[in-house]
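J.: Let me give you the structure first, and then I'll get to my questions.
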Amino acid sequence: MAINTAGQTVTGNSVPHDAPKVKVGRIVFDATAITATDSVLVNLGFTPKYVVWENVTDRVKIEWYEGMAANTSIKNVAAGTRTLETTNGGITICNSEGVADVNGKAFSVLQNATLAAILANKVCTWKALG
């Protein structure tokens, strides 16, 4: 697995002064090819207990809660269908190099097309709580 950084404009990634274990951000993906086996890496500086990632363009949201397996998520699509994703990928808590680590201070999201959380020409937002 490789970390894909091509075609991304990253904004946000800030910590509010009154909530040191909360970070939010936004990533805009351009038309660069999204590779299904790659992931996007977000460094936090703390170990998250909850992560939510939303493809705002297509209204696809995935969530990860502390205790869930790596590369899984609860997926909610625009039509309202809510599923547990265990085969199409999801969110993994990892270290700053993208290696799975339950005590890591980062998270990654798989660019699997079926998961549809990350696609070319899409705007995505995220929030992590520690």
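J.: Which one, Ile27, Ile118, Ile93, has the greatest fluctuation when you compute a Gaussian network model over the chain with C-alpha springs under 10 angstrom?
T.: Of the options given, Ile27 has the highest mean-square fluctuation.
J.: Can I ask one more? Between the range 18-78 and the range 111-125, what is the C-alpha centre distance in whole Å?
T.: Using only Cα atoms to place each centre, the spacing works out to 10 Å.
J.: For the range 57-96, what number results from the quotient of the Cα radius of gyration and 2.2 N^0.38 Å?
T.: On the way: Rg = 10.7 Å, N = 40, 2.2 N^0.38 = 8.9 Å.
Its radius of gyration relative to the 2.2 N^0.38 Å reference: 1.20.
J.: Through the Karplus equation 6.51 cos²θ - 1.76 cosθ + 1.60, θ set to phi - 60°, convert the phi angles of the range 104-109 into ³J(HN,Hα) values in whole Hz; use x for Gly and Pro.
T.: x, 10, 8, 9, 10, 10
J.: Pop the C-beta distance of Thr32 and Ala78 into the FRET formula with R0 = 35 Å and round what comes out to the nearest 0.05.
T.: Values: r = 24 Å, r/R0 = 0.69.
Computed FRET efficiency for Thr32 and Ala78 comes out at 0.90.
J.: Is there a pair in Lys75/Lys127; Lys49/Lys122; Lys21/Lys75 whose C-alpha atoms are over 22 Å apart, and which pairs would that be? Each step should come with its number before you reach the end.
T.: On the way: Lys75/Lys127 15 Å; Lys49/Lys122 26 Å; Lys21/Lys75 24 Å.
Beyond 22 Å: Lys49/Lys122; Lys21/Lys75.
J.: Given 5 Å bins starting at zero, what is the percent of C-alpha pairs of the chain in each, up to the one with the largest pair distance?
T.: 2, 12, 23, 26, 22, 12, 3, 0
J.: Size of the dipole of the chain about the Cα centre, Lys and Arg at +1 and Asp and Glu at -1 on the beta carbon, nothing else charged, in debye to 20? Write down the numbers at each step before the final one.
T.: Details: 11 positive and 10 negative charges, 62 e Å.
Rounded to the nearest 20 debye, it is 300 debye.
Each value in this text was obtained by applying a stated rule to the coordinates, not by laboratory testing. Note that this is a predicted model, so its numbers are computed, not measured. As a convention, Cβ positions derive from the backbone with ideal geometry for all residues, glycine included, and neighbour counts pool all protein chains shown.
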